[in-house]
Structures are given as structure tokens and as C-alpha cells.
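Right, one structure below, let's go through it.
The values are calculated or read from the model by the stated rules, or taken from the named source; none is laboratory data. Small disclaimer: the values here were computed from a predicted structure and weren't measured. Note: ideal-geometry Cβ built from the backbone for every residue, glycine included; neighbour counts use all protein chains shown.
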Amino acid sequence: MKAEEAVNLYGMDIISSSGMDIEKECMQHGRTSVFVHSFNVACLCFSIAEKLNLKVDKKSLIRGALLHDYFLYDWHVNDKSHKWHGFTHPKTALINATKDFELNSIEKDMILKHMFPLNLSVPRYKESVVLCISDKILAICETLGIKRFRYDLKR
Ligand SMILES: [Fe+2]
Ligand SMILES: [Fe+2]
């Protein structure tokens, strides 16, 4: 199965949620919205797991990745509430995601620990480690405008 198909299969309720409409309006890195970033990260997580033949819970891997930056504000806008965005946004994302979706312990760990090692809480599951790596690869590519790991978002 292609990564995009898997992400759409397991994450359609998330992708079509009103929270994701907010993510579409908020920029993440460079010209990439938080929504597109999250979709790409979920696809890359799935691809890495497939390539390395990792025994992971693929549905949780995709859902945790889609929601990892579910903080729902534009961090480029100057505002006291997100002054420490780099450190605080995983917790904000987890609180928002818990309100809107039913999350299991893998998905919660993925969201909360995805900024490791900037945040010192150590990932507990393989899925969280895959997310940490994928998120950093995409952050670099998006910031530098490198057109690799861009997946086909048919929406
Ligand atoms: Fe993040
Ligand atoms: Fe991210």
C-alpha cells in the first residue's frame, strides 16, 4: 500500500476534521502549512516503517503523526500564550487532540514526546521514535525548500 493510501485509510476522520481546517490556515515551516507538514510526516513515518520492516502499530503511527502538531494556532504570530512554542506545543497538541479524538497510549506518547531531544521526555514506543525522526527530516526539508518527501495530497 502506498503511504498516501494508508494515511487516508487510517486518518480520514482526522484529515477531514475542523481542527485540520485550522491547521491549513497556519504555516509551519517555510511555505508549508501545519496540515501539509502533518500529512507528509504521517506518510514518511509509514514509509520508514515499511522500508525497515518495523513491527509497529501502523494505524496508531499514522494517527499520532497526523496529530503531533495539533496545537491550533499560528506560532509566527507574536502572542504571550505561545512564547515558548518549541517547548510547550506538544502538550497543547495533546490536550487539543484528546478533546477532539479518542487516543490510545501510543498516540499520546507520540504527540507528547515528538520534540525529543529538545524536550527531555524520552519516547516510550517505536512509533514515537519513528515520528521524532520523520518530523526532523521534514522540518529541515520544508525550511530549506527541499522538494523531497512531498506526498500526494489528493484533497
Ligand atoms: Fe512539533
Ligand atoms: Fe512537526
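Tabulated data
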read-out	value
All positions within region 135-148 that are aliphatic (A, V, I, L, M) and either surrounded by fewer than 16 Cβ atoms within 10 Å (Cβ to Cβ) or more than 11 Å from ligand 2 (Cβ to nearest atom) (or both)	I140, L144, I146
Residue within region 124-131 that is farther than 14 Å from H29 by Cα, within 13 Å of ligand 1 (Cβ to nearest atom) and either under 15 Å from the mean Cα position of the chain (by Cα) or of a type outside the set (V, I, T) (or both) present	yes
Condition check for S47: surrounded by fewer than 24 Cβ atoms within 10 Å (Cβ to Cβ), of a type in the set (S, T, Y) and closer than 14 Å to V7 by Cβ	yes
Helices (runs of 4 or more DSSP H) contained entirely in region 55-155, each with at least 1 residues that are of a type in the set (D, E)	85-100, 105-113, 126-144
Restricting region 9-67 to residues that are more than 16 Å from K108 (Cα to Cα) and touching a Cys at 6+ places or on another chain (Cβ under 7 Å), the residue that is nearest to ligand 1 (Cβ to nearest atom)	V34
Failed item in (1) more than 16 Å from the chain's Cα centre (by Cα); (2) among the charged types (D, E, K, R); (3) within 12 Å of ligand 1 (Cβ to nearest atom), with R148 passing the rest	(3)
Residue match in region 57-64 (condition: within 13 Å of ligand 2 (Cβ to nearest atom), among the polar types (S, T, N, Q) and surrounded by fewer than 22 Cβ atoms within 10 Å (Cβ to Cβ))	no
Every residue from region 1-58 that is of a type in the set (G, A, S) and modelled with pLDDT of 95 or more	A3, A6, G11, S16, S17, S18, G19, S38, A42, S47, A49
Residues located in region 109-134, provided they are among the small types (G, A, S) and surrounded by fewer than 16 Cβ atoms within 10 Å (Cβ to Cβ)	S121
Residue among L103, L94 that is under 13 Å from the mean Cα position of the chain (by Cα) and surrounded by 17 or more Cβ atoms within 10 Å (Cβ to Cβ)	L94
